[in-house]
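Q: Got a structure for you, questions after.
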Amino acid sequence: MNTNSESRSFWNIRRDLRFGLRQLKRSPGFAVMVTLTLGLGIGANTAIFSIVEGVLLRPLPYQHPERLVVIWQTDAFHHDSGALFNAYREFEAWQQHSRSFEKLAAFSWATGPHTILWQGKPLDTLALPASVDFFSMLGQSARLGRTFAQTDLQNNCTLVLAYHFWQQKLGAPPDIVGRSLTLGKSSCEVIGVMPDSFSFYPAATDAWSLITATGEFAQKPWQSMTGAFGLLKPGVTRAAAEAELTAIQAQVLPEAPADLKIMRSLTPDVLDLQSNFTWLAGRNLRKGLWLLMGASWVILLLASVNVGSLVLGRAIVRGREIAIRAAVGATRRRLVGQAFTESLLLGFLGTVAGLSVAAVLVQWFRAANPIELPPGAVITLDWGVLLFTALSGVVSSITFALFPAWRGSRTDVNAILKSGNLGLSHAVAAQRAAQSMVVIQVGLSMTLVAGAGLLAESLWKLAAANLGYRTDHLFTARINLPEDRYADVAARSRLVATLETRLATLPGITSVGVGSDFVPRGFNQLSIAGTSGAENSSSDVATQEVSTGTLRTLGIPFLEGRTFDERDRVDTQPVAIINEALAREYFPGADPLGRAVKLSHADDPSRPWLTVIGVVANVKTMTVFQEMGYVEPSAVYRPLSQSAPRLLALVLAVNGSQLALASEVQQRLSEIDANLVLGDIDGLHASRGVELSQPRFRSILFSGFAGLALILALVGTYGVLSQTVARKSRDIGIRMALGATRDRVMRSILAQACAMTITGIAIGASISAAEIRLIHGMLYGVTPAGAGELAAAALAMLVVTIAAAGFPAYRAASVDPMRELRNE
């Protein structure tokens, strides 16, 4: 008995599948529309959640990631992110006296690149200093060789190489362990190569050099800046560790030199390592990804509503078919089972399409690498969320398919056959439900469109802002001068002068400049001669050393005074040029020319007083603490002839292609010194691209979601109106037979579409008002109300509605009244 029942069920399922496939073949437009709708919703959600899971939810790929922390110095304004590096002396005190950590390690990227000689050729290398417990704290082992050990502290210089540096720049020599590399003026032993899977911040690190007792960190512990990373003991909270470190720091701060008095106003800030990595990768990365996740949920909801609307409308049109099948003996179970099978078929097709969309999007993200990701973030397809989103879409289609089948099986068959659909009351209720879903679609779509408009406008204004210096037709690069051959300012100044002279003769070069950086950087103390101690407390002044042609090359306007020239030498009076912001803040209503300033405490004998000889316009820069906006810092410019650093930034104004100059500039540089190499080529534009990458990524994806929402709203509106016309064709024919014109019929359909859209716009506007407050931190140059963007979004929805209603309205106006009356 059970065998026969199972056999009948199996054959029923087979028949339902064959019948469902035939029905979908008869309505290919409907099948394709539902499949694509489900596929886009499922694919977008799966791809975005895969990114969110890889960046925000997956633990760091280190041992005991939940106990790993980072320690910065902070003030009252930056307690959630940290503000500054620690002095190495503070780290030493923590390491000696703290009882909250299993291990503490120092690691710093507050340094520049070095030059490594490899097979007689110089390589620009980012070798960052780390203490002996750095790798063991993370629980990481080397791929080749080993990591740092206590015995290495006796060596002069010890290196562990990053995999990409060993493979790409050194050519992956298998015998690299035990060999020596010349780093600057030191001979360094390579003891290991890390695995390809190992990553830490910053991603560009080429090697890690061991901090030893004879190195610069130990010799100048208050001037050497470092991050501190720790593995908390089990059961120790971050708050408890922070309180202990604060007490230890207070005991050693009296040792700090007078020019570091700012450190006395800072305290340790113990932060979760994974959260801080995410913040370092992008100030709004966490919030932006959750925003995109929310947008993808809206797309899934829109897709589900759209599928439900399409399935419900199709069931209304197939009402007569359902009634006939019921009349010839089909049971309620068979009718419901058939609807269930068709919905599963649609869900399967939609899931396959969604899997394809998700795979393509994830592969694009991994290949394009549009944003900086935190260390350890690996983006792979998340099968769990794929299953969840697929079930969501399938459930929506099943729900809206089963209801008409169930209602149709329990209504008066004669009434249905007479009316030609599910019955007047049932059809009207279903149609109202479909129209309500269109209203929901329009409201949610408008929310996405308004958000996309706000983000796109902010990106455009951020990218188009006048920075106060030129960024076009510039060739930029950096040069790292070895300390052993360029130990003093005079040697560096001679190199700069020679290089400027030779580069100026290259074809297409209109101006040459060399500086310590491309724009003023840093947080330096400033003292003004003749002012009280209270006015000497500034510590937020940016500085930049520049050659005589740098300001002209960058197009920074002079406001008064003179520029640097041959009068400004290492043996003459030290001079400086200040910007308008500094003049306005420290010399209000007075002439700053001839005044003296010092980039340190006034009593510091190691720093000279600088005579102000000129004032230039401000430049805009971004800070690490603010992603969407600029600051105009007070800035002091010094001549390279009096204060030349070892790391130089080269800026050339050109007429033609910038990157084509690289080989020619390298050749001229090699003629001066064969061991010097250009690094960070096109670095100014690259850094600008990094600054805009996060806003651009958010804007592109959100705009894509908004476009998808518009398409779904168009499809939903079109589907409902088409089904309305199909259901009411007899009524329309009767109205036309009684004198209604084609224009009037078309206007009635368009009016119905506009009524649904206006209701949806009202709902969307209220949601968008809350959305603007939510994303305020991701906007730049946009009015808080966002009225213009809301109006544009509303207009876009109206245009989409009219486009969607056009063909159904035309079909309604084309109804033949005589044919409908004959059918009646």
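The values are calculated or read from the model by the stated rules, or taken from the named source; none is laboratory data. Since the structure is predicted, the reported quantities are computational estimates derived from the model, not experimental observations. In this analysis, Cβ positions are derived from the backbone assuming ideal geometry, glycine residues included, and neighbour counts consider all displayed protein chains. With ligands, DNA and RNA removed, areas are computed over all heavy atoms of the protein, side chains included. Shrake-Rupley method; radii C 1.70, N 1.55, O 1.52, S 1.80 Å.
Q: When residues of the range 746-787 are filtered for being open to solvent by less than 50 Å² (accessible area, probe 1.4 Å) and closer than 30 Å to MET736 by Cβ, how many remain?
A: 8
Q: Under 9 Å between Cβ atoms, which residue pairs at least 6 apart in sequence (or on different chains) link something in the range 90-107 that is under 18 Å from LEU138 (Cα atoms) and among the acidic types (Asp, Glu) with a partner that is open to solvent by less than 10 Å² (accessible area, probe 1.4 Å) and in a helix (DSSP H, G or I)?
A: GLU102/MET137
Q: If we scan the range 696-707, do we find a residue that is surrounded by fewer than 22 Cβ atoms within 10 Å (Cβ to Cβ), among the basic types (Lys, Arg) and over 22 Å from VAL55 (Cβ atoms)?
A: No, the range 696-707 contains no residue that is surrounded by fewer than 22 Cβ atoms within 10 Å (Cβ to Cβ), among the basic types (Lys, Arg) and over 22 Å from VAL55 (Cβ atoms).
Q: Among all residue pairs at least 6 apart or on different chains, which show Cβ distances below 9 Å where the first residue, located in the range 67-88, is touching a residue at least 24 places away in the same chain (Cβ under 8 Å) and in a strand (DSSP E or B) and the second is of a type in the set (Asp, Glu) and open to solvent by 10 Å² or more (accessible area, probe 1.4 Å)?
A: Qualifying pairs under 9 Å: LEU68/ASP272; VAL69/ASP272; VAL70/ASP272; ILE71/GLU242; THR74/ASP80; LEU84/ASP75.
Q: Any residue in the range 678-688 that is open to solvent by less than 20 Å² (accessible area, probe 1.4 Å), of a type in the set (Lys, Arg) and under 30 Å from the mean Cα position of the chain (by Cα)?
A: No; the residues of the range 678-688 include none that is open to solvent by less than 20 Å² (accessible area, probe 1.4 Å), of a type in the set (Lys, Arg) and under 30 Å from the mean Cα position of the chain (by Cα).
Q: State whether the residues of the range 799-814 include one that is outside any helix (DSSP H, G or I), modelled with pLDDT under 70 and open to solvent by 30 Å² or more (accessible area, probe 1.4 Å).
A: No, because not a single residue in the range 799-814 is outside any helix (DSSP H, G or I), modelled with pLDDT under 70 and open to solvent by 30 Å² or more (accessible area, probe 1.4 Å).
Q: May I ask you to say which residue of GLU627, GLU671 is charged (D, E, K, R), crowded, with 16+ Cβ neighbours inside 10 Å and in contact (Cβ under 8 Å) with a residue 12 or more places away in the chain?
A: GLU627
Q: Looking only at the range 48-60, decide whether some residue is farther than 27 Å from TRP290 by Cα, at pLDDT below 95 and in contact with a helix residue (DSSP H, G or I) (Cβ under 8 Å, 6 or more places away or on another chain).
A: no
Q: Tell me whether the range 659-668 contains one or more residues that are in a strand (DSSP E or B), touching a residue at least 24 places away in the same chain (Cβ under 8 Å) and open to solvent by 10 Å² or more (accessible area, probe 1.4 Å).
A: no
Q: Does the range 329-364 hold any residues that are modelled with pLDDT under 70 and in a helix (DSSP H, G or I), and which are they?
A: Listed by number, the residues that qualify are ARG332, ARG333, ARG334, LEU335, VAL336, GLY337, GLN338, ALA339.
Q: Sort out which residues of the range 628-673 are touching a Leu at 6+ places or on another chain (Cβ under 9 Å) and of a type in the set (D, E, K, R), and write them in order of number.
A: Result: ARG638, ARG646, GLU664, ARG668, ASP673.
Q: Return the pair list, or none, for Cβ contacts closer than 8 Å from residues in the range 562-584 that are under 18 Å from SER634 (Cα atoms) and open to solvent by less than 30 Å² (accessible area, probe 1.4 Å) to residues that are part of a loop (DSSP other than H, G, I, E, B) and among the β-branched types (Val, Ile, Thr), at least 6 apart or on different chains.
A: ILE577/THR563; ASN579/VAL619
Q: Being of a type outside the set (Asp, Glu), at pLDDT 95 or above and within 20 Å of PHE277 (Cβ to Cβ): is that true of PHE135 here?
A: Taking the combined requirement at face value, the residue satisfies it.
Q: Further question on the same structure: Keeping to the range 290-309, report how many residues are over 17 Å from LEU387 (Cα atoms) and either open to solvent by less than 10 Å² (accessible area, probe 1.4 Å) or outside any helix (DSSP H, G or I) (or both).
A: Of the residues in the range 290-309, 7 are over 17 Å from LEU387 (Cα atoms) and either open to solvent by less than 10 Å² (accessible area, probe 1.4 Å) or outside any helix (DSSP H, G or I) (or both).
Q: Still on this structure, please answer the following. Looking at the range 178-192, is at least one residue crowded, with 21+ Cβ neighbours inside 10 Å, modelled with pLDDT of 90 or more and outside any strand (DSSP E or B)?
A: no
Q: Hey, can you tell me all the residues within the range 292-328 that are of a type in the set (Val, Ile, Thr) and either at pLDDT 75 or above or farther than 17 Å from PRO28 by Cα (or both)?
A: VAL298, ILE299, VAL305, VAL307, ILE316, ILE322, ILE324, VAL328
Q: Moving on to the next point. Pairs only if they're at least six apart or on different chains, beta carbon under 8 angstrom, first in the range 276-288 and surrounded by 23 or more Cβ atoms within 10 Å (Cβ to Cβ), second assigned to a helix (DSSP H, G or I) and among the aromatic types (Phe, Trp, Tyr); list them, first residue then second.
A: Pairs that qualify, where the first residue is surrounded by 23 or more Cβ atoms within 10 Å (Cβ to Cβ) and the partner is assigned to a helix (DSSP H, G or I) and among the aromatic types (Phe, Trp, Tyr), are LEU285/TRP279; GLY288/PHE697.
Q: Do we find a residue being touching a residue at least 24 places away in the same chain (Cβ under 8 Å), outside any loop (DSSP other than H, G, I, E, B), surrounded by fewer than 22 Cβ atoms within 10 Å (Cβ to Cβ) and touching a strand residue (DSSP E or B) at 6+ places or on another chain (Cβ under 8 Å) anywhere in the range 169-177?
A: yes
Q: Looking at the range 64-94 only, could you name the residues that are modelled with pLDDT under 90, under 26 Å from the mean Cα position of the chain (by Cα) and among the charged types (D, E, K, R)?
A: Scanning the range 64-94 gives a single hit, ASP80.
Q: From (1) of a type in the set (A, V, I, L, M, F, W, C); (2) surrounded by fewer than 20 Cβ atoms within 10 Å (Cβ to Cβ); (3) modelled with pLDDT of 90 or more; (4) in contact with a strand residue (DSSP E or B) (Cβ under 6 Å, 6 or more places away or on another chain), pick out the condition that doesn't hold for ALA465.
A: (4)
Q: For the range 42-88, which residues satisfy the criterion of being open to solvent by 30 Å² or more (accessible area, probe 1.4 Å), touching a Gly at 6+ places or on another chain (Cβ under 9 Å) and of a type in the set (Phe, Trp, Tyr)?
A: PHE49, PHE85
Q: Here is a follow-up. Can you name the number of the only condition in (1) farther than 30 Å from ALA686 by Cα; (2) β-branched (Val, Ile, Thr); (3) surrounded by 21 or more Cβ atoms within 10 Å (Cβ to Cβ) that ILE528 fails?
A: Against the list (1) farther than 30 Å from ALA686 by Cα; (2) β-branched (Val, Ile, Thr); (3) surrounded by 21 or more Cβ atoms within 10 Å (Cβ to Cβ), ILE528 comes up short only on (3).
Q: Taking the residues in the range 440-462 that are closer than 30 Å to PRO520 by Cβ and open to solvent by 20 Å² or more (accessible area, probe 1.4 Å) as candidates, determine which candidate is nearest to the chain's Cα centre (by Cα).
A: Filtering the range 440-462 for residues that are closer than 30 Å to PRO520 by Cβ and open to solvent by 20 Å² or more (accessible area, probe 1.4 Å), the one nearest to the chain's Cα centre (by Cα) comes out as LEU459.
Q: Moving to a separate point now. Give the range 196-239 a look and list any residue that's small (Gly, Ala, Ser) and open to solvent by 50 Å² or more (accessible area, probe 1.4 Å), or say none.
A: The answer is SER197, ALA203, ALA204, ALA213, GLY235, ALA239.
Q: Could you please let me know if HIS97 is closer than 30 Å to GLN274 by Cβ, modelled with pLDDT of 80 or more and surrounded by fewer than 19 Cβ atoms within 10 Å (Cβ to Cβ)?
A: Spelling it out, HIS97 is indeed closer than 30 Å to GLN274 by Cβ, modelled with pLDDT of 80 or more and surrounded by fewer than 19 Cβ atoms within 10 Å (Cβ to Cβ).
Q: Identify all residues within the range 153-166 that are open to solvent by less than 80 Å² (accessible area, probe 1.4 Å) and without any contact (Cβ under 8 Å) to a residue 60 or more places away in the chain; write none if there are none.
A: Matches in the range 153-166: ASN155, CYS157, THR158, LEU159, VAL160, LEU161, ALA162, TYR163, HIS164, PHE165, TRP166.
Q: Tell me which residues, restricted to the range 605-620, are open to solvent by 20 Å² or more (accessible area, probe 1.4 Å) and either farther than 19 Å from VAL519 by Cβ or part of a strand (DSSP E or B) (or both).
A: PRO605, SER606, ARG607, PRO608, TRP609, THR611, ILE613
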